[in-house]
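Comments concern the structure below.
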Amino acid sequence: MTAYLLRRTAFLVVSLFLAAVVLFLLLRLLPGDPANALLSVGASPEQVAAARHAIGTDRPLLQQFVSWLGEMARLDLGSSFVSTLPVGPEIAARLVVTVPLTLLSFLLAVVIAVPVGFVAAYRASTWYGSVLSALSQLGIAVPVFWVGMLLITVFALHLGVLPAGGFPQDDWADPGEALTSLTLPVVTIALVMSASLIRYVRSATLDVLGSDYLRTARALGSSFIGAMWRHGLRNAVVPVVSILGIELATTFLGAVVVESVFALPGLGTMLVKGFAQHDYPVIQGILVVSTFAVLVIGFAADLVQRLVDPRLRRSLGGRFPGDGA
Amino acid sequence: MSAGRRRVSRRVPRSATLIAGCVLAGLVLAVAVVSFFWLPYAPDDTTGGRLMPPGLPHLLGTDKLGRDLLTQLMIGARVALEAGAGAVLIGGLVGLAGGLAAGFATRWLDDTLSALLDILIAFPTVLLAMLVTAAREASLGSAIIAIGLAMSAIVARLTRVLVKRVLAQDFITASRTSGTSWPRVVVEHVLPNIWPTLSVNLALQFGLAVLAEASLSYLGLGAPPPNASWGRMLQEAQASVFIAPAGVIAPGVLLVVLVVGVNLIADGVRDVADPTRRRTR
């Protein structure tokens, strides 16, 4: 386990570094001068040069990269071109919305998917087993922002029981109010996320239900619940945990889009606005934070997978799960 | 759909899913093809009055600018299919090349490529697409390139695993021993063996690409106004959902019909082409 942990941590560090390189290059090598965002149309060449000098894009690429890495190491993500405020604190303030939205949606999706997926497998041959499978098939084909629009129409416009969007000015000062405004977005993301999760839970359960060890346990006198608890659950949990990391990252992405539907002041709306205003430091800062988050989630998911699956732990120095071949 | 029935009917290709998928996706394809030859109104015809309810002469009503909704929907079908096909073409070709390279590579190069792929996959499609559109101005082409590139990492990772699996087989060794060159091995053995799994995955990716394009257009990063995209139609209709619900319902329903159709085709092809494989999704 220690050897694996070292290997996996080294891999995480290397991927964080490479991700930083990729992000930096993508944003610098893209055509279009970031300096233009600072200038009005028809700026003189001297003004352009001055703007370039001010944001440092007149320096050699390597030098820019090194100083950028240094800034990031000090958690300094630069200042917005538009508002001139530092990006880091702005992102931190937005995370107050995005992180709870992501985690609550993810939790609700798991809470929905595990029992539904189990029933869809356990009662696969009944009509409601088929209906559940068909619904999850539908769920993976639905655009998440559309579900949000439909929920707004029904629950905010027609029934008027929940707000159509927005978030309290004072964030979580009144938790009840904050939760109310997050309810529809959370349900939106959770419904769509649970659809793909149901399919994994269902297939993992089907594998367990058809297994020889479960039949043997039953033949030796275990009750169905006892056998599922002692043997089934442990086996079914392995493939599900392995995709939970990916699902959590996807949930985060869903949050980015859904925030726009519900006008929530989170990272997603900040990013979309940054793109509209060609505000490079904002775009770069958010992409750095979210890519790192996705990589760290992947790291955590791999470790959890090791913990729940002793077979992976035993193959010392083995390759990473999901590596195949 | 059920496990029990599947086991019984395993010898007969169960193609009900395939047929259902073809009908649904074919419907959207037909609409897109018709849109090239005939449209109820000119795409920029705003003479219909704003936010008209469904009826005559506008079958599905009009949008907030007075454009015919059915006309916009038909053009949107074209855009959605172009987005899906373009992204799969780019993602498939780039991904296949990368995956073959990694699959054939020695340990060191393979590890490097795999690590790179893992990082690329960590870049969520929509974020990557936003980056490309930010650089190249929002357009359908930018969105397709971006979605295709994001997809290529996923395709490459799958291809790599499949290639490794085929290369470990005895018949590859036998083929090499009898003097077949590596390029011929690829064409005669590797590609035919990885194609069934790969094509199913590409079909699923097609659906995801259509959804990604819709998300981008919804956020204002997709095809610009003259091309109606379902995502942008939804964004424009959101404010007036109370007065004109058709504008919100119709594009969404068509999106779902297309993506469900393509997913069903993928499931059906998998069942028919590879009956031994358990349904894993």
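Bear in mind these aren't lab numbers, they're just calculated from the coordinates by the rules spelled out. Source: prediction; values computed, not measured. FYI the Cβ positions are ideal-geometry reconstructions off the backbone, even for glycines, and counts take in every protein chain you see.
Here are the numbers:
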{"read-out": "Förster-model FRET efficiency, 45 Å R0, A:Thr180 and A:Phe224, C-beta, rounded to 0.05", "value": "0.65"}
{"read-out": "With at most 13 neighbouring Cβ atoms within 10 Å, loop chymotrypsin sites (Phe, Trp or Tyr not before Pro) (DSSP) excluded, longest segment of chain B", "value": "B:39-241"}
{"read-out": "Helix-only mean residue ellipticity at 222 nm for chain B, each DSSP H run of n ≥ 4 adding -39500 (n - 2.57), per residue, nearest 500", "value": "-23500 deg cm²/dmol"}
{"read-out": "Orientation-averaged projected area, Cα convex hull of the range A:195-317 (nm²)", "value": "10.5 nm²"}
{"read-out": "Listed residues A:Ser260, A:Ser223, A:Ser15, most fluctuating in chain A (Gaussian network, C-alpha, under 10 Å)", "value": "A:Ser223"}
{"read-out": "Kyte-Doolittle mean at least 0.0 and Cα axial length at least 30 Å: DSSP H helices in chain A", "value": "A:2-29, A:87-122, A:175-209, A:233-261, A:280-308"}
{"read-out": "Virtual paramagnetic centre 7 Å along Cα→Cβ of B:Asp111, amide N under 15 Å, in the range A:1-23", "value": "A:3-15"}
{"read-out": "Value of relative contact order over chain A, rounded to a whole percent, pairs C-alpha under 8 Å and six or more apart", "value": "27 percent"}
{"read-out": "Volume of the Cα convex hull of the range A:88-313, divided per residue and given in Å³", "value": "147 Å³"}
{"read-out": "5 angstrom amide H check on B:Gln169, placed H, neighbours 5+ away", "value": "none"}
{"read-out": "Net length gained if the chain between A:Val161 and A:Lys273 were fully extended (0.36 nm per residue, minus Cα distance)", "value": "37.4 nm"}
{"read-out": "Residues of the range B:98-121 with amide N under 19 Å of a point placed 7 Å along Cα→Cβ from B:Ile172", "value": "B:98-115"}
{"read-out": "The protein assembly as shown - Rg (one decimal) and Dmax (whole number), Cα, Å", "value": "25.4, 86"}
{"read-out": "Chain B, relative contact order in percent, only Cα pairs under 8 angstrom and at least six apart counted", "value": "28 percent"}
{"read-out": "Fluctuation leader among A:Pro143, A:Pro45, A:Pro86 - chain A, Gaussian network, Cα springs under 10 angstrom", "value": "A:Pro45"}
{"read-out": "Residue-averaged [θ]222 nm for chain A, counting only DSSP H segments that reach four residues, each worth -39500 (n - 2.57)", "value": "-24000 deg cm²/dmol"}
{"read-out": "Cα gyration tensor of the range B:8-122 - equivalent ellipsoid semi-axes, whole Å, descending", "value": "44, 23, 12"}
{"read-out": "Angle between chain B longest axis and helix B:69-104 axis [Cα atoms, degrees, rounded to 10]", "value": "20 degrees"}
{"read-out": "Crossing angle, helix B:191-218 versus chain B [Cα axis fit, 0-90 degrees, rounded to tens]", "value": "30 degrees"}
{"read-out": "Cα-based Rg of the range B:166-235 normalised by 2.2 N^0.38 Å, two decimals", "value": "1.91"}
{"read-out": "Amide H within-cut-off set for B:Thr62, under 5 Å, with H built and near neighbours excluded", "value": "B:Leu51, B:Met52, B:Leu69"}
{"read-out": "Against the rule of thumb 2.2 N^0.38 Å, how large the Cα Rg of chain B comes out", "value": "1.18"}
{"read-out": "Angle in degrees between helix B:246-273 and the longest Cα principal axis of chain B, rounded to the nearest 10", "value": "20 degrees"}
